[in-house]
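Trainee: Below is one structure. I have some questions about it.
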Amino acid sequence: MVLMTETSYSIAHTKNHLPVLVHSLESTPVIPITRRGKVVAYLLSTREYDSLKGKRKSFIDAVKALRNSEEFKKNPLSEKDFVNLRDKTKGREVTL
């Protein structure tokens with residue numbers, strides 16, 4: 001999960017202070033870089049980058065992990081959790 005900092009830096013500031021910003025990535029996972037006040041890039045810590053590029057679990061493996069978790073075993077899903085899940089309003093009119 002990416003935790004954003006409140007502080008962003010302009011490209012010029014980043015260019016002039018890159019070593020300091022890189023050092024700050026040890027405690028801050030992401031640093032936004034701006035051009036004219038708009039975020040155009042991010043500096044990422046190695047840990048954050050590795051978590052983003054890392055191999056993700058398949059959907060079925062994630063479901064299995066959820067089902068095997070202690071929290072899920074304490075609070076399993078039941079039929080009543082799905083009662084109001086589907087929108088029962090009529091869809092839009094379509095002409096074919």
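Trainee: Under the 0.36 nm per residue contour assumption, what length would be gained going from the current alpha-carbon distance of residue 87 and residue 8 to full extension? Please report the intermediate quantities before stating the final value.
Mentor: Working: separation 79, 0.36 × 79 = 28.44 nm, distance 4.06 nm.
Full extension of this stretch gives 24.4 nm more.
Trainee: Moving to a separate point now. Could you give the length gained on full extension between residue 36 and residue 61, defined as 0.36 nm per residue of separation minus the Cα-Cα distance, in nm?
Mentor: Here the segment from residue 36 to residue 61 would lengthen by 4.6 nm.
Trainee: Between segment 12-49 and segment 63-77, what's the alpha-carbon centroid distance in Å?
Mentor: 38
Trainee: On a 0 to 90 degree scale, rounded to 10, what angle separates helix 59-68 from the longest Cα axis of the chain?
Mentor: The angle comes out at about 70 degrees.
Trainee: Could you check what % of the DSSP bridge pairs in segment 1-77 are antiparallel, to the nearest 5?
Mentor: The answer is about 75 percent antiparallel.
Every read-out reported here was derived from the displayed coordinates using simple, explicitly stated rules and does not represent laboratory data. Remember, it's a predicted structure, so these values are computed and weren't measured experimentally.
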